[in-house]
Structure formats: structure tokens, C-alpha cells
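Each remark here refers to the structure printed beneath this line.
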Amino acid sequence: MTPIALSTPRLILRPWRDEDGDAFAAMFDDPAVMEFLLPHTGRAAIDAFIGRIKQNFAERGFGLWAVEVPGVAPFIGYVGLWAPNFEAPFMPAIEVGWRLASAYWGKGYATEGAKAALDAGFSKFGLNEIVSFTVPANRRSWRVMQRIGMTRDPAGDFDHPRVPDGSPLKRHLLYRISRARWEEMSEKH
Ligand SMILES: CC(C)(COP(=O)(O)OP(=O)(O)OC[C@H]1O[C@@H](n2cnc3c(N)ncnc32)[C@H](O)[C@@H]1OP(=O)(O)O)[C@@H](O)C(=O)NCCC(=O)NCCS
């Protein structure tokens, strides 16, 4: 499938370019970005991750879009849709996720991009539900979930199987949004 680009008032969510790799790798060296993420294991692993992102776009048409802010920065991170492949009670599912360079936090970019990703997921890709999850301490992330209209499913809290036992990053909160809820919200705005 040809990956599509999405645009919002301030952002372009676009396919990845080769030159995004260095800016993305730099984000892994920022302790603020990494505070609630597992430590990275080097540039080869980061490039492999970008490879999986591109592969996902080729297979599904959607993925973790590279975020560009025209006139401001060619690449500030990613926002998009992803099919996690670990086992959990809510799986299989498509998640909406985000990771921005810390210089671009506090501007509403993640929320703006995530709304476009949800809209594409429901209206272009026919999804019926989209989930998101994070650790309870990652308030910035679950605030984005709340701002885009997602609802916490307390019964869905889970231990992430990819996180080592005993890590403070093990327990995750689950948020959900249905197509019906998204359409209801869209009609009001
Ligand atoms: C999670 C993450 C994307 C959130 O970024 P963020 O900038 O806090 O989120 P938003 O883009 O929605 O911005 C919201 C903030 O911008 C402010 N803002 C400023 N101008 C705004 C505007 N025009 N529109 C909307 N919000 C605006 C909001 O008031 C809010 O500020 P507050 O947090 O002080 O209340 C970011 O912290 C991140 O990349 N973290 C590291 C990676 C990570 O943990 N990813 C999630 C893994 S689960």
C-alpha cells in the first residue's frame, strides 16, 4: 500500500524520510523523552525500529507518521497508529501513540496529530476501536488520551509482557475510543 500523509492546521503527518533517522536517534539520548520508556540498545536497534515502521505503512497504509511542522521543523517525532504484537487481554488491537522531541512539548502538537490519526483510523481505515496505553506516571501521555476523547478502561490495566518484572514501567493503564464515540464527538465540533 502507498502510505498516505495527513495534514492538520499546524502539522504534516508524513511517511518517513532517510534524513529523519538522525533526529529520531537524538530523541533516544534525551532523558526527558526516555523517562517512561525502556532504554534503547543502540543505533542499529533504532534503525530496525524505523524499518518496522516503514514496513507497517507498506502493509497497512497507516503507521507511526513522521511529524513535520512546516516553517518550524522538518521532523519533531512521530504520532500514529500501530498494531502491537505482544499478548494482553485487549489484543488484537490498534493503538494510537506519540513520541515527540521535548523541545516541541507543551504546544498541543501531540493532541492535534493524534486527532488526525484517530480520524484516519476510523474514516479511512475502517477501524471500530482504537486503544492507547501508558504507565500511570506518564501523565503527559494519558492527558493526550483524555484530550482526544479516549476513556480509561480500569478493568483493562495490564502488566506489559515486554517490560522486565519488578520494573516501575511494568504496570500500564488502558484507554479506549470507539468509532461511535469518535463520530459523536466529531458531530459536536
Ligand atoms: C507524551 C507527549 C507526546 C505529550 O506531549 P505534550 O506536548 O504534553 O502534549 P500535547 O502536544 O497534547 O500538548 C499539550 C500541552 O500543550 C499546551 N498547549 C499549548 N499550546 C497549545 C495549543 N495551541 N493547543 C493545544 N494545547 C496547547 C497544553 O496546554 C498542554 O500543556 P500542559 O501539559 O502544560 O497542560 C510527550 O510528553 C512525549 O513525547 N513524551 C515522551 C515519549 C512518551 O512518553 N510517549 C508516550 C509513550 S506511552
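Here, each number is a calculation from the coordinates, and none is a lab measurement. From a predicted model like this one, the values you see are computed outputs, not experimental measurements. A quick note on method: Cβ atoms are made from the backbone with ideal geometry, for glycine too, and the neighbour counts reach across all protein chains shown.
Other residues lying with their Cβ under 9 Å from the Cβ of residue 111 contribute a combined charge of +2, Lys and Arg counting +1, Asp and Glu -1. The count of lysine pairs in the chain that are at least 8 places apart or cross chains, and whose C-alpha atoms lie under 24 Å apart, stands at 7. When the chain is treated as a Gaussian network with alpha carbon springs shorter than 10 Å, the biggest mean-square fluctuation among 27, 150, 91 belongs to 91. Here segment 128-189 is assigned +1 on the Cβ of each Lys and Arg and -1 on the Cβ of each Asp and Glu. Its dipole about the Cα centre then comes out at about 300 debye. Expressed in nm to one decimal, what extension gain is obtained for the pair residue 181 and residue 36 from 0.36 nm per residue of sequence separation less their Cα-Cα distance? Length gained, residue 181 through residue 36: 49.3 nm. Legend: Rg and Dmax of segment 76-146, from Cα coordinates, 12.4, 36 Å. Among the GluC sites (Glu not before Pro) in segment 1-89, those placed in a DSSP loop whose Cβ has at most 12 other Cβ atoms within 10 Å are 19, 87. Other residues whose C-beta falls under 12 angstrom from the C-beta of residue 86 contribute a net charge of -2, scoring Lys and Arg +1 and Asp and Glu -1. Taking the DSSP beta bridges with both ends in the chain, the antiparallel portion is around 95 percent.
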